[in-house]
Amino acid sequence: MDWIDLAWTIMCTAAVSLAAVHLLVWTTKTEKWEHLFFAIAAGAIAAAAFIEISALRAETVAEYAALVRLVHVPIFLALVSLVLFVRLRFGAGKLGLVVLFCALRVASLVANFSTGVNLQFLEITGLRPLSLWGAEVVAPIGVANPWMALGQASLVVFVVFVIDAALQIRRERGGDEYKRAAQTLASIGAFVIIGGGSVAWAVIQGGLPLVVTPPFIAVIVVAAYELGLDVARNYEHLHASELHMALTGQHTLVGQWA
């Protein structure tokens, strides 16, 4: 096992763990749909990481093309779940942008299975062996699929959506809530663009590995931190309520004795 195997295993395990935790939270508070969509996104990223490491180790062009085609399914689930998570968690952002984003992702998924060998390539002519600090991987060489523009357009819509959500929060709430939301939304938008942009760059340049897991794991960590603040605040509120009830009970007993 080299460092790439170790890194992808850690990222996959972390994503699965976060998905399990927030799925459990949702089962106890089913009205908190953001926890469910976060769990779906985290689980999908874990699946994408598993497929991606298999593609990086692929031995034939056919195997590589099939794996890259397959990875678009969990990526689709992750991105759609993330945009719904943002909408529900912050209660902001135009619904029309959510619908447009989802429509573009559906169109990208259809194009992935109906044009070329996958959304990125019309044809893959070969695999280029690479050594990344001692780890051996492969990178595709081929003809770029013009339908890839659909996927890139959807990421632009995603960024527009998170900016719109941040501006709405600023107008309607402002203060500390806006600062926290703006930091979270900016981080999510930036990492999504880095992930999608790196893939487009690798295809255009040719001979570079297609890797999206690290930036998408960063998105999951940012979203998990945002949800974690809620869980912490709820715990503090519950603890304060329990303490208040205990003190009230003690005072009541003292009053009865007097």
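The values are calculated or read from the model by the stated rules, or taken from the named source; none is laboratory data. In this text, all values refer to a predicted model and were calculated from it rather than measured experimentally. Virtual Cβ from ideal backbone geometry, glycine too; neighbours counted across all protein chains shown. Surface accessibility is based on the protein's heavy atoms, side chains included, excluding ligands, DNA and RNA. Shrake-Rupley method; radii C 1.70, N 1.55, O 1.52, S 1.80 Å.
Here are a few things to note about the model shown:
- Residue ID - nearest to V106 (Cα to Cα), chosen from residues in region 131-154 that are assigned to a strand (DSSP E or B) and open to solvent by 50 Å² or more (accessible area, probe 1.4 Å): V143
- Of everything in region 112-130 that is in contact (Cβ under 8 Å) with a residue 40 or more places away in the chain and part of a helix (DSSP H, G or I), the residue that is surrounded by the most Cβ atoms within 10 Å (Cβ to Cβ) is N112.
- Among the residues of region 182-198, none is identified as among the polar types (S, T, N, Q), under 22 Å from L150 (Cα atoms) and touching a residue at least 24 places away in the same chain (Cβ under 8 Å).
- Taking region 155-179 as the range and being without any contact (Cβ under 8 Å) to a residue 40 or more places away in the chain and either in a helix (DSSP H, G or I) or open to solvent by 70 Å² or more (accessible area, probe 1.4 Å) (or both) as the test, the residues that pass are V156, V159, I163, L167, R170, R171, R173, G175, D176, E177, Y178, K179.
- Subset of region 1-24 (residues that are open to solvent by less than 70 Å² (accessible area, probe 1.4 Å) and within 20 Å of L77 (Cα to Cα)): W8, M11, C12, A14, A15, S17, L18, A19, A20, H22
- When restricted to residues that are among the aliphatic types (A, V, I, L, M) and open to solvent by less than 40 Å² (accessible area, probe 1.4 Å), region 48-88 contains 18.
- The condition of being free of Cβ contacts under 8 Å to residues at least 40 places away in the same chain and either part of a loop (DSSP other than H, G, I, E, B) or not aliphatic (A, V, I, L, M) (or both) holds for only one of P215, P209, that being P215.
- Some residue of region 43-58 being touching a residue at least 24 places away in the same chain (Cβ under 8 Å), over 18 Å from G195 (Cα atoms) and of a type outside the set (S, T, Y): yes
- Against the list (1) within 18 Å of Y225 (Cα to Cα); (2) open to solvent by 40 Å² or more (accessible area, probe 1.4 Å); (3) modelled with pLDDT of 95 or more, the condition W33 fails is (3).
- Some residue of region 92-111 being surrounded by 20 or more Cβ atoms within 10 Å (Cβ to Cβ), over 20 Å from I204 (Cα atoms) and modelled with pLDDT under 95: yes
- With respect to being open to solvent by less than 20 Å² (accessible area, probe 1.4 Å) and either at pLDDT below 90 or in contact with a helix residue (DSSP H, G or I) (Cβ under 8 Å, 6 or more places away or on another chain) (or both), G196 fits the description.
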